[in-house]
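Below is one structure, written out as structure tokens; comments come after it.
The values are calculated or read from the model by the stated rules, or taken from the named source; none is laboratory data. All figures in this text were calculated on a predicted structure; none of them were measured in a lab. For neighbour counting, all protein chains shown are included, and Cβ atoms are generated from backbone atoms with ideal geometry for every residue, glycine included.
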Amino acid sequence: MPILCEIVSQDRMVWSGEADMVVIPGAGGEMGILPNHAPLLSTLKPGYVKVVRDDEEEIFTVTGGVVEVRPDKVTILADASENVAEIDVARAEAARKRAEDLLKQTPPSAAEHLKAQAALQRARIRLEAARRFRPKQGAHIKSTPAEDED
């Protein structure tokens, strides 16, 4: 019996469907969620969400957020998230460069510094995810069009 999983970012439903297992980057470490899991509420650290269904894996990036687990449903409310198959590597690389350049400038305000650090972290996660998890050519991937955020 599968568990329903929803991954939602601030601006869209990233993914919704049934899963045999969902692996999330919880604040206390990586957690595997199976159907009939005990109720749980946790913050997420930046990293990867793995959704497993019928021996196929789909990987999503998350840059923080919260997860609510119920016995029949996992709801991930991510600060930002996207399917690895949707990552535009050129845009992620440009975002990384912009953030690094901003951090090198003499000194940005505290708010600008935090914003640049968050952008840099997100770009690095996206680039690492594309490098590690991008499907091999010819592999079947289900995804929705990306609404890329920098």
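Could you say whether any residue in segment 91-109 is in contact with a Ser or Thr (Cβ under 8 Å, 6 or more places away or on another chain) and polar (S, T, N, Q)? Scanning segment 91-109 turns up no residue that is in contact with a Ser or Thr (Cβ under 8 Å, 6 or more places away or on another chain) and polar (S, T, N, Q).
The residues of segment 26-41 that are free of Cβ contacts under 8 Å to residues at least 12 places away in the same chain and among the hydrophobic types (A, V, I, L, M, F, W, C) amount to a single one, Met31.
Within segment 21-38, does at least one residue satisfy the condition of being surrounded by 22 or more Cβ atoms within 10 Å (Cβ to Cβ), under 18 Å from Ile125 (Cα atoms) and of a type in the set (Asp, Glu)? Scanning segment 21-38, I find no residue that is surrounded by 22 or more Cβ atoms within 10 Å (Cβ to Cβ), under 18 Å from Ile125 (Cα atoms) and of a type in the set (Asp, Glu), so the answer is no.
Are any of the residues in segment 77-94 surrounded by fewer than 16 Cβ atoms within 10 Å (Cβ to Cβ), at pLDDT 95 or above and at positive phi? Looking for residues that are surrounded by fewer than 16 Cβ atoms within 10 Å (Cβ to Cβ), at pLDDT 95 or above and at positive phi, one finds none in segment 77-94, hence no. In summary, strands (runs of 3 or more DSSP E) completely within segment 8-108 and bearing 3 or more residues that are acidic (Asp, Glu), under 22 Å from Arg131 (Cα atoms) and outside the structural domain of Ala119 (by TED's automatic domain parsing) occur at 56-62.
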